[in-house]
Amino acid sequence: MNPIELEWQHLKKSELSGRIFDDELDLAYAVIDGIQARGEKGNYSTERVKFNPSSTT
């Protein structure tokens, strides 16, 4: 597995496990919060960026 797959696996097991979400937006916020929490626990910084597919061509 590459590093992002390992992080996603840990995020699912530790931050999202056993939770029920009302909709996709609640899930998205939980993922964002979980990434930030894992970053704080691991003492590394996270940065949220917006993907713009039209600027990659």
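Of all positions in segment 43-52, none carries a residue that is assigned to a helix (DSSP H, G or I) and at negative phi. Quick one: in segment 11-38, which of the residues that are assigned to a loop (DSSP other than H, G, I, E, B) and not β-branched (Val, Ile, Thr) is surrounded by the fewest Cβ atoms within 10 Å (Cβ to Cβ)? Selected residue: Gly18.
Remark: pairs (first residue in segment 14-42, closer than 17 Å to Pro3 by Cβ; second residue among the acidic types (Asp, Glu); Cβ separation under 6 Å; 6+ apart in sequence or on different chains) = Gly34/Glu15. For Arg48, the stated conditions hold: it is touching a residue at least 12 places away in the same chain (Cβ under 8 Å) and surrounded by fewer than 10 Cβ atoms within 10 Å (Cβ to Cβ).
If I ask for residues that are surrounded by 10 or more Cβ atoms within 10 Å (Cβ to Cβ) and either over 11 Å from the mean Cα position of the chain (by Cα) or not in a helix (DSSP H, G or I) (or both), which ones from segment 1-10 would you list? Passing the criteria: only Leu6. Look at (1) modelled with pLDDT under 85; (2) polar (S, T, N, Q); (3) surrounded by 12 or more Cβ atoms within 10 Å (Cβ to Cβ) and you find that Ser54 fails only one, number (3).
The values are calculated or read from the model by the stated rules, or taken from the named source; none is laboratory data. Just so you know, these numbers come straight off a predicted model, no measurement behind them. We place every Cβ from the backbone using ideal geometry, glycine too, and count neighbours over all the protein chains shown.
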